[in-house]
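Below is one structure; the comments refer to it alone.
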Amino acid sequence: MLEKQQLRREIQARRVARGGADETAAPDAHAGRSGLTENLIAVATGIGATRIACFVGVRGEPDTAEFLAWARTAGVDVLLPRSLAGGSLEWALHVPGDLKAGAFGIPEPQGPAIVGGAASAELIFVPAAAVDTAGGRLGWGRGFYDRELARIAALGAASPAVFAVVWESEVLAAVPREPHDVPVHGAVTEETVHHFG
Ligand SMILES: Nc1nc2c(c(=O)[nH]1)N(C=O)[C@@H](CNc1ccc(C(=O)N[C@@H](CCC(=O)O)C(=O)O)cc1)CN2
Ligand SMILES: Nc1ncnc2c1ncn2[C@@H]1O[C@H](COP(=O)(O)OP(=O)(O)OP(=O)(O)O)[C@@H](O)[C@H]1O
């Protein structure tokens with residue numbers, strides 16, 4: 001979809017121009033944590049999640065490292081994705097120091113794949129290029145997360161809450177939507193937590 005492609009390009013250019021995770025690194029009043037980290041923690045503790053599927057922010061994505069460190073101290077299990085050929089994701093428990101660059105140079109965990117994957121978490125933080133206030137989510141165009149979220153929805157069991165993690169400027173009035181796009185429940189930014197529909 002050309003419209004999606006155009007929007008992805010604009011957002012990626014803006015992220016590159018931003019030059020890294022400076023904004024997420026700015027400590028706020030609470031324990032020197034960034035606003036993003038505080039907001040991720042607020043969603044996690046609000047749900048009472050004991051297992052969370054997350055990602056390692058790279059290349060201008062909001063930086064999730066501080067949140068991963070918090071989860072460790074809070075005794076919350078974190079699953080991280082490995083990208084497989086064919087466009088699916090598998091998930092392994094994040095153990096400190098176990099990250100190695102995998103597909104696309106993204107750091108990946110090294111442990112065994114967890115049965116059920118992200119479906120076994122109560123909360124999933126997903127990467128995105130942009131979201132809209134109806135929960136529409138624009139990803140990076142390979143369908144990894146759309147496939148994963150569709151798989152989880154098809155299991156029919158109690159579905160995890162799904163929140164995109166983006167910069168506040170990437171929460172838009174509308175993003176282009178196709179039938180396979182799976183909506184998210186909210187978005188976490190460096191400024192606030194959005195709840196959609
Ligand atoms: N941090 C993070 N982890 C993630 C994702 C993500 O968006 N962010 N994914 C979300 O799906 C999956 C990986 N998907 C990706 C899809 C495309 C590209 C990408 O930029 N592809 C470029 C080539 C990049 C390169 O050469 O290094 C391209 O296709 O042109 C990266 C990751 C799983 N893990
Ligand atoms: N549930 C699905 N099953 C099979 N293919 C899918 C599914 N969802 C998306 N796709 C395919 O994946 C490709 C990318 O879709 P789209 O452009 O919506 O990705 P995206 O939402 O930007 O990326 P992502 O989901 O990885 O973050 C499309 O070719 C689409 O047909």
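The values are calculated or read from the model by the stated rules, or taken from the named source; none is laboratory data. The structure displayed is predicted, hence computed values, not measured ones. As a convention, Cβ positions derive from the backbone with ideal geometry for all residues, glycine included, and neighbour counts pool all protein chains shown. Only protein heavy atoms, including side chains, enter the accessible area calculation; ligands, DNA and RNA are left aside. Shrake-Rupley method; radii C 1.70, N 1.55, O 1.52, S 1.80 Å.
Overall form of the chain: rounded. Here a/c, set by the Cα gyration tensor axes a ≥ b ≥ c, is under 1.5. Among the trypsin sites (Lys or Arg not before Pro) found in region 33-63, those both in a DSSP coil and sparsely packed, with 15 or fewer other Cβ atoms within 10 Å of their Cβ, are 59.
Other residues whose C-beta falls under 15 angstrom from the C-beta of residue 52 contribute a net charge of -2, scoring Lys and Arg +1 and Asp and Glu -1.
Accessible surface for the chain, divided over its residues, is 46 Å² per residue with a 1.4 Å probe. Is the shape of region 52-164 best called rounded, prolate or oblate, per the rule: a/c under 1.5 gives rounded, else a/b larger than b/c gives prolate, else oblate, with a ≥ b ≥ c the square roots of the Cα gyration tensor eigenvalues? Rounded is the answer for region 52-164, as its axis ratio a/c remains below 1.5.
Mean-square fluctuations from a GNM of the chain, with a 10 angstrom spring cutoff on Cα atoms, peak among 35, 86, 48 at 86.
Over all other residues within a Cβ to Cβ distance under 13 Å of residue 87, the charged ones net out to +1, with Lys and Arg as +1 and Asp and Glu as -1. Restricting region 88-146 to trypsin sites (Lys or Arg not before Pro) that sit in a DSSP loop and have at most 13 other Cβ atoms within 10 Å of their own Cβ leaves 142. Rounded to the nearest whole Hz, the Karplus-based 3J(HN,Hα) values (6.51 cos²θ - 1.76 cosθ + 1.60, θ = phi - 60°) of region 39-50 follow the sequence 6, 5, 4, 4, 5, 4, 6, x, 7, x, 5, 9, with x at glycine and proline.
Working note: Karplus 6.51/-1.76/1.60 with θ = phi - 60° gives region 62-71 the couplings x, 7, 9, 4, 5, 5, 4, 5, 4, 4 Hz, where Gly and Pro are set to x.
Here region 57-116 has 60 percent of its accessible surface on carbon and sulfur atoms, given a 1.4 Å probe and all protein chains in place.
Considered as an equivalent ellipsoid built on the Cα gyration tensor, region 63-116 has semi-axes of 20, 13, 9 Å, the largest given first. Dividing the mean sequence gap of close Cα pairs (under 8 Å, 6+ apart) by how many residues region 2-195 holds gives a relative contact order of 22 percent.
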